[in-house]
């Protein structure tokens, strides 16, 4: 299973970088980062003209209004943004955020609409790395280049089609296949589809039983299955109460 986690680490670009407000590209790692200005030339903007780092900053607008120790480092190493303050000011000037008298930024109606329309960007930023190495950039290609038969489907259906194809392609790599199956269960649970998630988790349990390297290894999968079963039961009770 080490190969899978090495793959994810590479996809995430997990190298620590103490990013304050402005990066100067002085270290070898910094020089490997693709600048936002260059990267956005290869991607399609949202209908309101925003790109992933702008949408991420919009999502966290009120979380770090004026950080004394700098913004999270991912603005630089994932998105190539040198000056986060300038980007935030640009969002303010374009009407996506407003700044209160206390200096705290809040999303405007336009900003809220932008976040709703691009929920898949914030999902990819927070949870996508575990799903076939998806990030806030690559998900744009997944959404915009989906097969014609699902082109008008919700974004989750497009992502599901992509990761399922990825999983099948790695069927002969037991470690990758096993872990992708596990992550797909989490994806389903994230939607509240616990019954389907349990089916995928049971497949993981069987894969572990068939893998000699997993003998004697205790995982949390059985506990997760029980957790999802309880959620299903609670959901059934709630629905029954509503009907009454």
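Read-outs: derived from the displayed coordinates by stated rules, not from any lab. Everything numeric here is computed off the predicted structure, so don't read it as measured data. Every residue, glycine as well, gets a Cβ built from its backbone with ideal geometry; the counts of neighbours run over all protein chains shown.
Miscellaneous remarks
- The packing ranking, built from the mean of other Cβ atoms within 10 Å per residue, places the peptides 143-151, 170-178, 127-135 in the order 127-135, 170-178, 143-151, highest first.
- Per residue convex hull volume, Cα atoms of segment 170-231, in Å³: 70 Å³
- Ordered by the number of other Cβ atoms lying within 10 Å of each residue's own Cβ, fewest first, 90, 220 fall into the sequence 220, 90.
- Look at 34, 159 and count the other Cβ atoms within 10 Å of each Cβ; fewest to most, that gives 34, 159.
- Estimated distance in nm for a label pair at residue 236 and residue 38, the labels positioned 7 Å out from Cα along Cα-to-Cβ: 5.7 nm
- Sorted by Cβ density within 10 Å, fewest first, the residues 218, 224: 218, 224
- Highest average packing first - 188-196, 99-107, Cβ atoms within 10 Å: 188-196, 99-107
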